[in-house]
Amino acid sequence: MSAGVVLTWNAGGVLRHLQRHRCSESCGRVLDQEMLLLTLSFLASLTSSAQAGFVSQHSQRRRAAEYSHVGCGLRPSYESFQKTGKRIGTGTDVSPGEFPWLVSIQSHGKHICGGTIISALWILTAAHCFADKLPPDLTVAAGGADLSLPLEEYNPDSLILHEEFNRSSLQNDIALILLSNPIEFSKEKIPICLPFLCDKDMWQHCWAAGWENTSAASHVLQKTQTKLISREKCLQQIPHLVETMMCAETEQGGGGGGEGGGGGCQVDSGGPLVCSYWDTMKWFQVGIISGGKPNNRILTPVYSYQDWIEKETAIRGKPFFTEGVDSGTHLRVARSRAGTRVFLEYCLLLFIFLIAILSTLREDF
């Protein structure tokens, strides 16, 4: 008997079936077997239907979540991985959607530092961009590469500087901005991924990006191709490098190098150094630009501060989760699991009810 046939049966059909098979006590065993088969077939079809329904429901929820919370480190409006891979466009001007995680931190409407979207509520940047308190006129502009065009502005709720930040040595040069309203992710506003290891030899295709200062002629986001270098090599250019910092240098032909290039401290201070690896589609923020020279940048290694990020965001009641997704998504998952549990409990009660009906009918006949 197929599941589809069983699903067409109702209580009246079961009753008529039993009436057609009234028999003496000698055939009771046959009736017991038929009722057992009916029950097992009903449960099999119910389980199959429930499983199919949950798979469909999960797929719909997953697609909705992917639309609302774009995966971190992706650039859907700029490239198709199958066509362009990890290629960054030529030139130094950034195209729309090329660095969708980058934000402009502004004071009195003027760019002062770069920052990175790591989740809907949190911006990662450098501590040296600020004094000890949150400036009252601070705003965060996101969703574009040209500051001369209107961008979406977000007001900060609070500013968190690393408690052991040293302004002279730039040690622990990391800060978080909690936004008063969450960013609605789109193709132009996507969180960056945080790195899962600190091996500099693994990270490839690294880029730094940032805006010219407000006195410059161009307000278009600039990019520079870079590569991570050893501490020994960096010390030749930056002797005062503290032990916890990383270094990157501009690659030849990478754009932005030399005088007037896109690598000065005022250009991309507080912004990210993003890298990829192997054949992945995603980009990861390996470092925060803390300073340096046009061709050599000092970086705060993000990997070393992920525990600090999780701790500080949790203290504020807005915990940061990996993959750039805030707790709202996790709450939806919990609600989904709760709904699944309720449905399974309902199925169990239905099964018990069905057994009780069949037992009653058995006694009547």
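Structure notes:
- Lone qualifier among Gly253, Gly261 - being open to solvent by less than 60 Å² (accessible area, probe 1.4 Å) and at pLDDT below 85: Gly261
- Evaluation of Ile183 against (1) closer than 18 Å to Gln106 by Cα; (2) open to solvent by 20 Å² or more (accessible area, probe 1.4 Å) (one fails), failing number: (2)
- Cys113 being at pLDDT 90 or above and touching a Ser or Thr at 6+ places or on another chain (Cβ under 6 Å): yes
- Leading residue by the ranking (modelled with the lowest pLDDT) among those in segment 189-230 that are among the charged types (D, E, K, R) and buried (at least 19 other Cβ atoms within 10 Å of the Cβ): Glu212
- Test: residue in segment 190-201 that is basic (Lys, Arg), within 22 Å of Thr250 (Cα to Cα) and over 19 Å from the mean Cα position of the chain (by Cα): yes
- Boolean, Asn166 is of a type outside the set (A, V, I, L, M), under 19 Å from Arg297 (Cβ atoms) and crowded, with 18+ Cβ neighbours inside 10 Å: no
- Counting only residues that are charged (D, E, K, R) and modelled with pLDDT of 90 or more, segment 283-332 holds 6 of them.
- Inspection of segment 265-280 identifies at least one residue that is part of a helix (DSSP H, G or I) and either surrounded by fewer than 17 Cβ atoms within 10 Å (Cβ to Cβ) or polar (S, T, N, Q) (or both).
- Whichever residue in segment 107-130 is touching a Leu at 6+ places or on another chain (Cβ under 9 Å) and in a loop (DSSP other than H, G, I, E, B) and, among such residues, is most open to solvent (accessible area, probe 1.4 Å): Leu121
The values are calculated or read from the model by the stated rules, or taken from the named source; none is laboratory data. Predicted model, so just to flag it, every value in this text is computed and none were measured. We place every Cβ from the backbone using ideal geometry, glycine too, and count neighbours over all the protein chains shown. Side chains are part of the model used for accessible areas, which takes the heavy atoms of the whole protein and leaves out ligands, DNA and RNA. Shrake-Rupley method; radii C 1.70, N 1.55, O 1.52, S 1.80 Å.
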